[in-house]
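*Asks:* Okay, here's the structure, questions in a sec.
The values are calculated or read from the model by the stated rules, or taken from the named source; none is laboratory data. Here the structure is a predicted model, which means the values were calculated and not measured. Cβ coordinates were reconstructed from backbone atoms using ideal geometry, including for glycine residues, and neighbour counts include every protein chain displayed. Side chains included, ligands, DNA and RNA excluded: accessible areas come from the protein's heavy atoms. Shrake-Rupley method; radii C 1.70, N 1.55, O 1.52, S 1.80 Å.
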Amino acid sequence: MAKRIIGGIALVLIALAAVVLVRTLLLSYDLMEVEIVERHNFDDEGAIERLSTALTYPTISHQQPAAFDTAAFEGFLDFLEASFPRMHEELEVERVGDYTKLYRWPGTNPELNPGILMGHYDVVPVEPGTEDQWSYAPFGGEIAEGFVWGRGALDDKAGVLSSMEAVEYLLQTGYQPERTLYVAAHHDEEVGGLNGAAQVAALLKERGVELEFLVDEGLPVAEQIMEGIDTPLAMIGVAEKGFLNLELSVNREGGHASMPPRQTSIGDLSSAIHHLKNNPMPGRFDDLVKNTFEPMAPDLPFVYRMGLANLWLFRPIIERELTNIPHTNAAIRTTVAPTIIQGGIKENVLPARASAILNFRIHPRDDVDGVIQYVRDTIENDEIMIRTMPRARNPSVVSDHEAPAYQQLRQSVKEVFPNTPVTPSIFIAASDSRHFRELTRNIYRFRPIRARPGDQTRIHGTDERIGVDNYLEMVQFQIRFIINSTS
Ligand SMILES: [Zn+2]
């Protein structure tokens, strides 16, 4: 009898193993046959020079509006006009919300909804005291060691300039789009985009424009994503997380610290934060994450592939693994980070009030109200007041990765970056594209910037730079995408 049971179990295990193995082997590549296209012969030296010059304008978005440097912004716009003469001559150009430029390239077929390429040319300041740590001056636009160096090289002047290089080149070749194309260069993304992107979106809406697609800054072509994987991965942001700051505060009777009551304001607040840390919102390896991983499956080590192909069995293990790495954790759940804590003025006085600010990044599965409810339920303390701070916003919808525009992005990547799987992914940061939610469902956040581990600290940090060859690839990509999406 025992023998039969063991035999039965063994059979079940063998069957299980067979299923796991077959599913693993069936996992497919991101196969898309693209025709070899010839490189477009644009003015590459000039393109690098223009990017370099663009970086010399300190178009800084300051938190204090009074620090705004009008001359830098005006100078930059004059520079664009001088650098891309045909674009300024042959396209419809208008100035929106002070310093934002909107271009319209009318297509021959008015039946087609227009697309928009956008980016921002404002940059964050260089943190005082870190100027010396830069290898080249942050506003020098130096070309050295195979890179163009300076604030804005990655975020996002290369994005703005590369799309203009592409338009200028295509105008020179006599290209005529069938689909109308807008190009927008926003000027205040780093401080919320209310005068730039939000105004452009309002204007287009007022004119009754419906957009077929929107491409904005976003995820890169990631290299060396994992040890042993040499294949780069082009990640297209199909969703963007929401944002919420909550202030938690406790008001209790203060008093002398020599006879503390069992409950104090700082004590209550601390245990609330502790509870939230130990009970994170659920993370899930859902379709969004699965779609991100799947196209790179063939390059993954066997055990990862096995897990991925057999989520029915390994999902809990995978979710636990992803939770342990900060950036994959952020991709699978709403995260919380305590960022400010206040309370107390003297070492022997119990403060009456203590408060903390918690910063939430909301996963597309959740929303603002749901997060507030989760906080209430988790801290289980009515003495703690919860206040929603301004600027809260829900996550974006998840854009369709089967829509034509996504497929055109994918095709354009493959034409310029051979053997690069393309995956729909979640964008953890925020972009101006959120102002356009009512104009299109097809929002994609992507820049073909080759990024290696460690490069992310250059964005908003020290030694921001972009590879000369990589920038030329960006221009090629923009040309290909304009052709693929508008003809
Ligand atoms: Zn940016």
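*Asks:* If you check Glu212 against the conditions, is it surrounded by fewer than 17 Cβ atoms within 10 Å (Cβ to Cβ), at pLDDT 95 or above, away from the ligand (no atom under 15 Å from the Cβ) and assigned by TED's automatic domain parsing to the domain that holds Leu117?
*Replies:* Criteria not met by Glu212.
*Asks:* Applying the selection to region 292-333, what residues are in contact (Cβ under 8 Å) with a residue 40 or more places away in the chain and not in a helix (DSSP H, G or I)?
*Replies:* Leu300, Pro301, Asn310, Arg333
*Asks:* Check Phe76, Phe68 and return the single one that is modelled with pLDDT of 95 or more and either assigned by TED's automatic domain parsing to the domain that holds Val167 or among the basic types (Lys, Arg) (or both).
*Replies:* Working: Phe68 fails: modelled with pLDDT of 95 or more.
Of Phe76, Phe68, the one residue that is modelled with pLDDT of 95 or more and either assigned by TED's automatic domain parsing to the domain that holds Val167 or among the basic types (Lys, Arg) (or both) is Phe76.
*Asks:* Okay, next question. Identify, please: which residue in region 123-148 is in contact with a helix residue (DSSP H, G or I) (Cβ under 9 Å, 6 or more places away or on another chain) and farther than 21 Å from His62 by Cβ and is, among those, nearest to the ligand (Cβ to nearest atom)?
*Replies:* My answer is Val148.
*Asks:* While we're on this one: If you scan region 215-224, which residues turn out to be more than 16 Å from the ligand (Cβ to nearest atom) and either without any contact (Cβ under 8 Å) to a residue 24 or more places away in the chain or part of a strand (DSSP E or B) (or both)?
*Replies:* The answer is Val221, Ala222.
Here's the yes/no breakdown for (1) buried (at least 19 other Cβ atoms within 10 Å of the Cβ); (2) in a strand (DSSP E or B):
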position: Tyr374; (1), (2): yes, no
position: Asn381; (1), (2): no, no
position: Met385; (1), (2): no, yes
position: Thr423; (1), (2): yes, yes
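*Asks:* Just checking, which of Ala403, Ala354, Ala330 is surrounded by 15 or more Cβ atoms within 10 Å (Cβ to Cβ) and in contact with a helix residue (DSSP H, G or I) (Cβ under 9 Å, 6 or more places away or on another chain)?
*Replies:* Ala354
*Asks:* Could you tell me how many of the residues in region 162-207 are more than 16 Å from the ligand (Cβ to nearest atom), open to solvent by 20 Å² or more (accessible area, probe 1.4 Å) and under 16 Å from Asp432 (Cα atoms)?
*Replies:* Looking only at that region, the number is 4.
*Asks:* Restricting attention to region 307-321, does a residue exist that is over 22 Å from the mean Cα position of the chain (by Cα), among the aromatic types (Phe, Trp, Tyr) and crowded, with 17+ Cβ neighbours inside 10 Å?
*Replies:* Scanning region 307-321, I find at least one residue that is over 22 Å from the mean Cα position of the chain (by Cα), among the aromatic types (Phe, Trp, Tyr) and crowded, with 17+ Cβ neighbours inside 10 Å, so the answer is yes.
*Asks:* Could you go through region 236-248 and let me know if any residue there is farther than 30 Å from Ile341 by Cα and open to solvent by 10 Å² or more (accessible area, probe 1.4 Å).
*Replies:* Looking for residues that are farther than 30 Å from Ile341 by Cα and open to solvent by 10 Å² or more (accessible area, probe 1.4 Å), one finds none in region 236-248, hence no.
*Asks:* Something else now. Give the residue that is surrounded by the fewest Cβ atoms within 10 Å (Cβ to Cβ), with candidates limited to residues of region 434-480 that are part of a helix (DSSP H, G or I) and within 16 Å of the ligand (Cβ to nearest atom).
*Replies:* Start the filter on region 434-480 by keeping residues that are part of a helix (DSSP H, G or I), which leaves 434-436, 455-458, 468-480.
Subset that is within 16 Å of the ligand (Cβ to nearest atom): 434-436, 455-458, 474.
Working: Arg434: 22, His435: 21, Phe436: 23, Asp455: 19, Gln456: 15, Thr457: 11, Arg458: 18, Met474: 27.
Top of the filtered list is Thr457.
*Asks:* Take Ile483 and decide whether it is in contact with a strand residue (DSSP E or B) (Cβ under 9 Å, 6 or more places away or on another chain) and either in the same structural domain as Val123 (by TED's automatic domain parsing) or surrounded by fewer than 24 Cβ atoms within 10 Å (Cβ to Cβ) (or both).
*Replies:* Here the answer is no, as Ile483 does not meet what is asked.
*Asks:* Scan region 240-247 and tell me whether some residue there is in contact with a Ser or Thr (Cβ under 8 Å, 6 or more places away or on another chain), in contact (Cβ under 8 Å) with a residue 40 or more places away in the chain and hydrophobic (A, V, I, L, M, F, W, C).
*Replies:* yes
*Asks:* Additional query: Considering region 112-135 alone, what residues qualify as being at pLDDT below 95 and either among the charged types (D, E, K, R) or under 27 Å from Glu81 (Cα atoms) (or both)?
*Replies:* The answer is Val124, Pro125, Val126, Glu127, Glu131, Asp132.
*Asks:* I've got another one for you. Has region 334-342 got any residue that is open to solvent by 80 Å² or more (accessible area, probe 1.4 Å), in a helix (DSSP H, G or I) and not aromatic (Phe, Trp, Tyr)?
*Replies:* Scanning region 334-342, I find no residue that is open to solvent by 80 Å² or more (accessible area, probe 1.4 Å), in a helix (DSSP H, G or I) and not aromatic (Phe, Trp, Tyr), so the answer is no.
*Asks:* Does Ser396 meet the test of being buried (at least 19 other Cβ atoms within 10 Å of the Cβ) and either part of a loop (DSSP other than H, G, I, E, B) or away from the ligand (no atom under 16 Å from the Cβ) (or both)?
*Replies:* The answer is yes for Ser396.
*Asks:* Tell me whether region 450-472 contains one or more residues that are at pLDDT 95 or above and closer than 25 Å to Val200 by Cβ.
*Replies:* no
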